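Each remark here refers to the structure printed beneath this line.
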Amino acid sequence: MSSSLDLNEYKRAIANFYDLRSSNYDVGEWRQQICYNLLDYVHVGSGQFVLNIGTGTGQLAIAAAKMVGDQGSVVGIDISTQMLAKALPKAEKLALNNVKFQLADAEQLDYPHSYFDYILCAHTFPWISHKEAALKSWHHLLKSGGRIAVHTPADTAYVGAVVLRQLLKAYDIAVEPSNRIGSQEECRNLLSRSGFEGIEIKQEQHGSYVDFDSAYSYWHSIIENPSELSLKVSSKVFELSAAQLATIKSEFTAALSELHTREGVWNDLTTLYLLARKAEG
C-alpha cells in the first residue's frame, strides 16, 4: 500500500476531519463498544487473516489480532495518517506482531483476491462513496466462505440530524456528510447485489436522552459553524436566503421542542450490524 494517497476532495475532507479528531477519538467507551459488539457477532478464530477497513486508532484491529493469534494476521487500513499514528503505538505496547496498519483507500485496494477470511468494518461504512462497488471489491478479497461484518447507524439515528434532514429535504438539500444506507431491507438488498449470501442483520439500540442544547447542536455544526467536511458536502445550504434560513431554524427549534420531555430529547442511536458470507466454491 502507498505511503501517500491521491484522494479526491471529498475523501481529503474526511481524512482531514479525522486527523483533527485523532487526539481525543478514544475518549469515552461508545466507539470501542461498537467494535466489541461487532466481534461478538462474528467468529474470528486462530490462524485467520483479517482486513479491518477504517481501522482508525486500531481498536477493532487490535482486538481481532488477539483473537487470531500468532498464526493469523490483521491488516488495519485508514485514510487518516493521524489516526494510524495513534494505532501503531498501541500494538507495539502490547507486543502484537501479527497486526499492521497501512494508509489505504477502502475503495482502491490492491490486495490479492481470495486472501482474507474476514473483512471487518466499524464506524466507516457510511463514508464510503460507492457502497455497492466497494462491497463487490471486498467480496473478491475474501476467500471462499469468507465473511464480512459491517457496522452502520440506521437512518433513524441522531435526532438533530434526522430533524434537519427532513426539513431540508423540501429544498432538495442533503446535509449529512456521511451517506447512511437506510432500512434493514435496503441493507440486505445491497449485500445481496454485491454477491453475498447468508445475510443477517442484527439491530441494537444505543440511544439515550440528551438535553435540548445537545440535540440542537447539529444546527450549529452544519449551518452556523460547519466543519471543512460539512462545507464541502452541504454547500447548497449557503445558497438559501436569510429568510429561508430563519424559517428553517424556527421549524428546527419547534420540532425539537415537541420532542423534549421531562427526561430530555430522545437521541435514537439504532445501530445495525450487517453480517454475510461469500459463497463456498
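Data table
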| quantity | calculated |
| --- | --- |
| Residue match in the range 140-153 (condition: farther than 22 Å from Lys11 by Cβ, under 16 Å from the mean Cα position of the chain (by Cα) and at pLDDT 95 or above) | yes |
| Whichever residue in the range 182-239 is more than 26 Å from Cys35 (Cα to Cα), in a helix (DSSP H, G or I) and at pLDDT 95 or above and, among such residues, is least open to solvent (accessible area, probe 1.4 Å) | Tyr216 |
| Scope the range 208-225; condition closer than 14 Å to Thr261 by Cα and without any contact (Cβ under 8 Å) to a residue 24 or more places away in the chain; matching residues | Asp213 |
| Of residues in the range 141-163 being in a strand (DSSP E or B) and polar (S, T, N, Q), the one surrounded by the fewest Cβ atoms within 10 Å (Cβ to Cβ) | Ser144 |
| First in the range 248-270 and more than 15 Å from Ser214 (Cβ to Cβ), second anywhere and open to solvent by 30 Å² or more (accessible area, probe 1.4 Å) and β-branched (Val, Ile, Thr), Cβ under 8 Å, 6 or more apart | Thr270/Thr156 |
| Subset of the range 76-90 [open to solvent by 10 Å² or more (accessible area, probe 1.4 Å) and part of a strand (DSSP E or B)] | Asp78 |
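Residues checked against (1) touching a Cys at 6+ places or on another chain (Cβ under 6 Å); (2) open to solvent by less than 60 Å² (accessible area, probe 1.4 Å); (3) part of a helix (DSSP H, G or I):
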| site | (1), (2), (3) |
| --- | --- |
| Ser4 | no, no, no |
| Ala13 | no, yes, yes |
| Ser23 | no, no, yes |
| Arg31 | no, yes, yes |
| Asn37 | no, yes, yes |
| Val42 | no, yes, no |
| Ser46 | no, no, no |
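The values are calculated or read from the model by the stated rules, or taken from the named source; none is laboratory data. In this text, all values refer to a predicted model and were calculated from it rather than measured experimentally. For neighbour counting, all protein chains shown are included, and Cβ atoms are generated from backbone atoms with ideal geometry for every residue, glycine included. In case anyone asks, the SASA skips ligands and DNA or RNA and just uses the protein heavy atoms, side chains included. Shrake-Rupley method; radii C 1.70, N 1.55, O 1.52, S 1.80 Å.
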